[in-house]
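What follows is a short report on a single structure.
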Amino acid sequence: MLKRAMSRRALLREAVATAALVAAPTAWAQQKEEPEILYGTTGGIVEEVQRKTIFDPFTAATGIKVVSVPYPKLAKVEAMVSTDTVDLDFWEIGATDIGILGRRNLLEPIDYSALRSGLKDDLITNGALQYGVGTIVWGAGIVYSATEFKEGSHPRSWADVWDVSKFPGPRALPDPSYYVGPIEAALVADGVPVDKLYPLDVDRAFASLDKIKPHVAKFWSTSPEGLNLMTSGNAVVGMNTLGRIIVMKQQGQDPGINIEFNQAMAKISYWGMPKKAPHPKNFHRLLDYYLEPKNHAAFLNAYPAYGLTVKSAQQYMDPKTAASRINSPEHLASLIMINDDWWMEQDSSGRSNFEKVNERWASWVSQ
Amino acid sequence: MKSAVPARQAGSLELRSLRKSYGGVVAVDDVSLSVRAGEFLTLLGPSGSGKSTTLMMIAGFVQPEAGSILLDNTDLVGIPTHKRSIGVVFQNYALFPHMSVAQNIGFPLRMRDMEEADTRDHIARATALVRLHGLEERYARQLSGGQQQRVALARALVFQPPLLLLDEPLGALDRMLREQMKHELRRVHQELGTTLIYVTHDQDEALVLSDRIAIMKNGRVEQIAPPREIYERPVNQFVAGFMGESNFLGGRVVGEHGGTATVKIGELLLQGVPSSGIRADQDVEVFIRPEKIVFTAPGDEKGWAGTVKDLIYSGDSIRYVISLGSAQVIVKQTVRQGVYLPARGDAVSLSWDPLDIILFPS
Amino acid sequence: MPKLRGPDTVNRAAVMLLTGPLLFLLCFFYVPLIQTLWMSFWIDGVFTFSNYERALSSALYLNAFVWTFELALFTTILSLVVGYPVAYVMATGGSRLRLFILICIIMPFWTSALVRTFAWVAILGREGIVNSSLMYLSIVSRPMSLVFNRIGVFIGTVHVMLPYMVLCLYSSMHGIDRSLVRAAETLGAGRMRSFFLIYVPQTAPGIISGSLLVFIVSLGFFVTPAVLGGNQSPSVVVLVERHMGVMLNWPMAATLSSLLLAATLLLFAVFNRYVRAGHAAPEGQGGEAIRLYTLIAKLDQGWRPVRALWRRFSPNPLRRRRRSARSQPRLATLMAALIATITAFPILLIVLMAFFPSPSSAIRLGNFSLRWFALYFTRDEWISSTLTSFQVALVTAALASTIALVTALGLRRLPPAVRTTLVSINLTPMIVPAVAYGVSAYFLFAQIGLIGTRISLVLGHTILAIPPTVLVMVAAVQSIDNRLEDAAASLGASPWRRLRHIILPLLAPMTAASALIAFLTSFDDLAIALFLTSSKAKTLPKQLYDSMLNDSDPRVFAASAVLVGLTIAALVIMHLLRSRSMSERG
Ligand SMILES: Nc1ncnc2c1ncn2[C@@H]1O[C@H](COP(=O)(O)OP(=O)(O)OP(=O)(O)O)[C@@H](O)[C@H]1O
Ligand SMILES: [Mg+2]
């Protein structure tokens, strides 16, 4: 079933990746490197946990330091590569970004031969791409006001979110320029089974969105914006990144918002390396270290909002955090895995579904 | 001749116990005076004596602390400036830079929503009155100082205010232009008959233009009277010293009888001086104008003997500085054929009419 | 014998002064920008106009252009209306009031656009303080829609544009002769009419430069309309950013940028042709005032019937007296104080929230905590980015205000047509979407080896700050009375000494204002920082942005609180020192 959802293009890409692996011995294999790695990051809590659980032990073991550099926009990556001023070894990106950058030859392929053997099979589906290795799974799902709805009698599905008579009050949904969109939610709310979503029926999705639109306070475009809609009382139910709320509660903040894992949407984040990155060898050593099941689990146990990408790490996972982990076995059944391949698919004029949906959205939303 | 803009009949002003202070400084202190309709009153006084403040209270820029301002028997205190209808000409003219001459002059008419045709008519007559033909479309920057002054005057007159206030309007002009504008102002006043209150530092202006002059000092009016009276019969030493030139000699009244006194100045004795309000044995200042003193033939018994220490020539007259032993006086002598004009170092004898002398208590 | 002001001397001086600034613009702005815009004609190595065809035929893009200009236009008009009383009170009120207003109106710059718009959402929203108070007072029965529509957008945009508008207006009010208003009153003009017919026209240069400035800055609004607006089409910069940052479609981003630039320049040309040109003002000075007066006078004329009625039914004017009219607080003062307070309010809310463990617990005062401040002061990323931002903004302020001063002096006595063209050349950096310039600048600095340095940030920010500072300085220089300089020349002062002893002292207050604008422009920039920051030089807005997107805690509030505190302290100390030295002198 997942196989069928995967596009021809993705299969092709897998094939190319394998071919490249066999054919070209990596150019950087012999080069000498300073003992450091440049990590593009926005800083904050995630990086703190990463440092404690991965980078610091890694540095202790290898002597290679992980240096933070600003998280780059895609345009900056292209500018860096084309002017030979790459100040970055790796950063966390989504599959769509990998698609765009890879197509323009701005990413260095991952050398799976430099990583532990059997890793590719140990990664979850779509976890091992030519230009990126899946390192975490994150998700967005239903969020609702804790004061407005009691736990137990709260919206439990997208159909509930669409049901304004049963769950009255304004909604806060993302617009489709965000990583995970309202299109999938609209289709599920309209009765499309979770496993038969792709290829998305865009017409049906907009028809479903027509119904909820009058009750949407605002279609937001960044996750904190959506959260702010909820905490300020402008919306009582909607969609948002679940990890953010989990972390807030863990830190002892009270956002006044609860989450529902049923029909949550998940995406894989990857570590990618730009072309001409200064420390490719060091990066692969770090990657290998991090994808070691024990190390992978150490990070995820310390940051329970993210899900694993290394299947064998499951045995080391802290059972106490299973409830808050997006792709833990108990949530897996109703999880919607976002299919980035569909979004990146281009028509004959070179426009992707992502572009087309956003253009259609812009005229739909302002009507 | 028909006057350009017919004046309103009324325009009498009365100030009653007007008072204003800034912080600790009393700027105007208990000023009372009344101005007849059509009168030309000049306020004269040293810098800081409260002239402008008085004017500002009349115009309504400044609220008095006490007292009242009656224009045609209506109290103006508390009435905003724009409802008072009092014309004001400012020292810097305050012409609106973004309006042409015609627009400047037409502004007060516009404020009164006068009809187009009437407005044009009034502007034309006002420009004629101050002789500004042909400059109607110019802007203030394109005018000379005198022309700007005329625009300011026309603008303040065009709406026929019963009362016109002018605060040193000629201050910024050169001497020639001042002279010319002085006569212009006099002519306009005579043509219109508007009540005028005028502030100046120039005594000539005050004497030439005014029906009456008010001398101010430290926020008070010292004397208010026609020019001639101010000049010839000053009520106190300040007024006497402020207006024109004067000689003051310190002396002592040694005898007083029936309105005349005998005064001793050093060694010299002066008899038959009018002595209203002066007692015997009182220290006094003896006041006499330099032009009231004449030279008599040298050796004249009755005259006072002195020596010419210095002389200053100023065209129509010569001022002599004469030393009289311990005292010193100035004598002003008109230059005319047949008049005795001594030289420096000459011994001279002086004489005067005792009636020209005024005694002020020291 | 040297001529005092012959055409040759003027041109030579102008060329000398203008060469430096224009070369700066050429090297650091036009060359890299044109390289980027040139991409708009290429698709897969083929020269084509198809991007333009697509942009001009798609409803999405056309709507974006319409909305962008509408946003800029209304923001400009509203900023003018709101900013005017504020500037007026700053120009006429006491120095303490001026300080208070200044502190309030620059507050929005001490936090990131995301944070301040979120605060507005909370304030104006369904359960926000405005609606709750109105409902508590039973003024309304249901919450009003104050946000997620045009109202919200314009509250948000005017909030940020206020300092730009106010500083321009203030510069033109500074030198107005108060006796003109008095004169008007003696001629029968009431307060309203003397204000509108006499005072306002004199401020025409400030109104024009302020409006121009706010207009071009508003073209670049990105976050504010997106967060506070309802379901409207995205603005042009949002699309440029999406094409460049998300889809790597450079040609389309370049196409949209070029179109925005072209449309704006066209608009300026029309504006200059019909609004500014053709006045009969002497020496080219004061033309704007005359035009504005003509306009207002026409409106005033329209009120005649109303006034006639009023006169008919109102009692004898000499009966209606106002006791102690001048001592009561003026309406304008109240308005300005209110506007300033409203401007500061969202930021004060943010400051307040920094003291609580989570935003929603701010109501329970028992939860008071300093943990976010501790985070701010112990994390190197916060301290160093704050310091970097201050360094970069200070150097930018010095550089940009110098360039603007020199440019304005160079433009001073040039013919109006030449001047207008050169001013447009100086305004362009703000019309081009900042992301487009950010990318261009990256390529440039990469070629000359400045990538990752603070110098590159300074240069980039200086380019951004040139338009506002040049606008302010050109207006300031134009308002100098030429006669003063001629007078100095007649007293034997050489051109250099005239500049040093007459012109520069007269321009000092506005040079300071332009430096402040440059400082704020640099301090608030995110678009360029996204491209030019490196591990060695990260600015605070970038750090705030990262933290906002990344951390789910209010440490950004603590950062804003620190900045607000620092600013207030700095300004108050400056004020005290100045008034102390004044009182010592006299
Ligand atoms: N706005 C003010 N604040 C404080 N003191 C003032 C103010 N205006 C005037 N004064 C003071 O009030 C007194 C009278 O001032 P006023 O301007 O009336 O004098 P003036 O007779 O017009 O002097 P001048 O001939 O120099 O114009 C002066 O001591 C002056 O310093
Ligand atoms: Mg005075």
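The values are calculated or read from the model by the stated rules, or taken from the named source; none is laboratory data. Quick caveat, the model's predicted, so the values are computed rather than measured. Counting neighbours? That spans all protein chains shown, and the Cβs are built from the backbone with ideal geometry, glycine included.
Scanning for something at pLDDT 90 or above and within 24 Å of B:His183 (Cβ to Cβ), does region B:68-85 turn up at least one residue?
No, because not a single residue in region B:68-85 is at pLDDT 90 or above and within 24 Å of B:His183 (Cβ to Cβ).
Specify the residue that is modelled with the lowest pLDDT; the eligible residues are those in region C:110-128 that are of a type in the set (Gly, Ala, Ser) and either within 25 Å of C:Ile568 (Cβ to Cβ) or crowded, with 23+ Cβ neighbours inside 10 Å (or both).
Per the stated criteria, the residue is C:Ser112.
When you look at A:Tyr112, is it within 24 Å of A:Gly272 (Cα to Cα), without any contact (Cβ under 8 Å) to a residue 60 or more places away in the chain and not basic (Lys, Arg), yes or no?
No, not satisfied.
Within region C:364-371, does at least one residue satisfy the condition of being of a type in the set (Phe, Trp, Tyr), at pLDDT below 95 and surrounded by 13 or more Cβ atoms within 10 Å (Cβ to Cβ)?
No, because not a single residue in region C:364-371 is of a type in the set (Phe, Trp, Tyr), at pLDDT below 95 and surrounded by 13 or more Cβ atoms within 10 Å (Cβ to Cβ).
So which of B:Ser34, B:Ser100 is within 14 Å of another protein chain (Cβ to nearest Cβ), in contact with an Asp or Glu (Cβ under 6 Å, 6 or more places away or on another chain) and at pLDDT 90 or above?
B:Ser100
Among the listed residues B:Glu229, B:Glu184, B:Glu191, identify the single one that is at pLDDT below 85, more than 16 Å from ligand 2 (Cβ to nearest atom) and not in a strand (DSSP E or B).
B:Glu184
Tell me, which residue of region A:346-355 that is surrounded by fewer than 16 Cβ atoms within 10 Å (Cβ to Cβ) and at pLDDT 85 or above is nearest to the other protein chains (Cβ to nearest Cβ)?
Of everything passing the filter in region A:346-355, A:Gln346 is nearest to the other protein chains (Cβ to nearest Cβ).
Out of all the residues in region A:70-79, is one or more part of a strand (DSSP E or B), within 12 Å of another protein chain (Cβ to nearest Cβ) and without any contact (Cβ under 8 Å) to a residue 60 or more places away in the chain?
yes
Cβ-Cβ under 7 Å, sequence separation 6+ or interchain: first residue in region C:178-204 and at the interface with chain B (Cβ under 7 Å from one of its Cβ atoms), partner assigned to a helix (DSSP H, G or I) and among the charged types (D, E, K, R). Which pairs?
Close Cβ pairs (under 7 Å, with a partner that is assigned to a helix (DSSP H, G or I) and among the charged types (D, E, K, R)) amount to C:Leu187/B:Arg155; C:Arg193/C:Asp300.
Give the residue, chosen from B:Phe61, B:Phe90, that is within 8 Å of another protein chain (Cβ to nearest Cβ), within 16 Å of ligand 1 (Cβ to nearest atom) and over 20 Å from B:Met181 (Cα atoms).
Of B:Phe61, B:Phe90, the one residue that is within 8 Å of another protein chain (Cβ to nearest Cβ), within 16 Å of ligand 1 (Cβ to nearest atom) and over 20 Å from B:Met181 (Cα atoms) is B:Phe61.
All but one of (1) more than 14 Å from chain C (Cβ to nearest Cβ); (2) away from ligand 1 (no atom under 16 Å from the Cβ); (3) outside any helix (DSSP H, G or I); (4) over 13 Å from B:Gly87 (Cα atoms) hold for B:Leu196; which doesn't?
The one condition B:Leu196 does not meet is (4).
Quick one: C:Phe65 ticks every box in (1) of a type outside the set (Val, Ile, Thr); (2) over 21 Å from C:Glu241 (Cα atoms); (3) within 14 Å of another protein chain (Cβ to nearest Cβ) except a single one, so which number is it?
All conditions are met except number (2).
Which of the residues spanning region A:321-366 are assigned to a strand (DSSP E or B) and in contact (Cβ under 8 Å) with a residue 12 or more places away in the chain?
A:Ile336, A:Met337 - these are the residues of region A:321-366 that are assigned to a strand (DSSP E or B) and in contact (Cβ under 8 Å) with a residue 12 or more places away in the chain.
Given the conditions (1) within 12 Å of chain C (Cβ to nearest Cβ); (2) under 29 Å from the mean Cα position of the chain (by Cα); (3) more than 20 Å from C:Gly188 (Cβ to Cβ), report the number of the one that B:Arg141 does not fulfil.
Answer for B:Arg141: the failing condition is (2).
Does B:Gln333 satisfy the criteria of being under 25 Å from B:Thr260 (Cα atoms) and either within 28 Å of the chain's Cα centre (by Cα) or assigned to a strand (DSSP E or B) (or both)?
Here the answer is no, as B:Gln333 does not meet what is asked.
Could you please give the count of residues in region C:394-425 that are buried (at least 24 other Cβ atoms within 10 Å of the Cβ) and either of a type in the set (Val, Ile, Thr) or within 16 Å of the chain's Cα centre (by Cα) (or both)?
Going through region C:394-425 one residue at a time, the tally reaches 7.
Within region A:53-69, track down each residue that is in a loop (DSSP other than H, G, I, E, B) and without any contact (Cβ under 8 Å) to a residue 40 or more places away in the chain.
Scanning region A:53-69 gives a single hit, A:Gly63.
Just one of (1) more than 16 Å from ligand 1 (Cβ to nearest atom); (2) hydrophobic (A, V, I, L, M, F, W, C); (3) in a strand (DSSP E or B) trips up B:Ala10, so point out which.
(3)
Here's the yes/no breakdown for (1) part of a loop (DSSP other than H, G, I, E, B); (2) more than 9 Å from chain A (Cβ to nearest Cβ); (3) out of contact with any helix residue (DSSP H, G or I) (no Cβ under 6 Å at 6 or more places or on another chain):
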site: C:Gly230; (1), (2), (3): yes, no, yes
site: C:Ala254; (1), (2), (3): no, yes, no
site: C:Ser258; (1), (2), (3): no, yes, no
site: C:Tyr274; (1), (2), (3): no, yes, yes
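Looking at region B:16-55, which of its residues are touching a helix residue (DSSP H, G or I) at 6+ places or on another chain (Cβ under 9 Å) and within 14 Å of ligand 1 (Cβ to nearest atom)?
Across region B:16-55, the qualifying residues are B:Leu18, B:Lys20, B:Tyr22, B:Ala27, B:Val28, B:Val31, B:Thr42, B:Leu43, B:Leu44, B:Gly45, B:Pro46.
Quick check on this structure: which one of A:Gly181, A:Gly233, A:Gly226, A:Gly191 is more than 27 Å from C:Asn131 (Cβ to Cβ) and buried (at least 22 other Cβ atoms within 10 Å of the Cβ)?
Criteria check complete, one pass: A:Gly181.
Restricting the first residue to region A:269-294 and requiring it to be in contact (Cβ under 8 Å) with a residue 12 or more places away in the chain, which pairs with a second residue that is among the small types (Gly, Ala, Ser) and part of a helix (DSSP H, G or I) meet a Cβ separation below 7 Å and a spacing of at least six or different chains?
Final answer for the pair search is A:Tyr270/A:Ala95; A:His284/A:Ala114; A:Pro293/A:Ser312; A:Pro293/A:Ala313.
Would you be able to say whether some residue in region B:82-90 is small (Gly, Ala, Ser) and more than 22 Å from B:Ala214 (Cβ to Cβ)?
yes
I'm trying to understand the selection: among the residues of region A:158-186, which are assigned to a loop (DSSP other than H, G, I, E, B), hydrophobic (A, V, I, L, M, F, W, C) and over 17 Å from the mean Cα position of the chain (by Cα)?
A:Val164, A:Phe167
Return the residues of region B:152-181 that are in a strand (DSSP E or B) and more than 16 Å from ligand 2 (Cβ to nearest atom); say none if nothing qualifies.
B:Leu163, B:Leu164
Among the residues of region B:25-40, which ones are among the aliphatic types (A, V, I, L, M) and away from ligand 2 (no atom under 16 Å from the Cβ)?
Passing the criteria: B:Leu33, B:Val35, B:Ala37.
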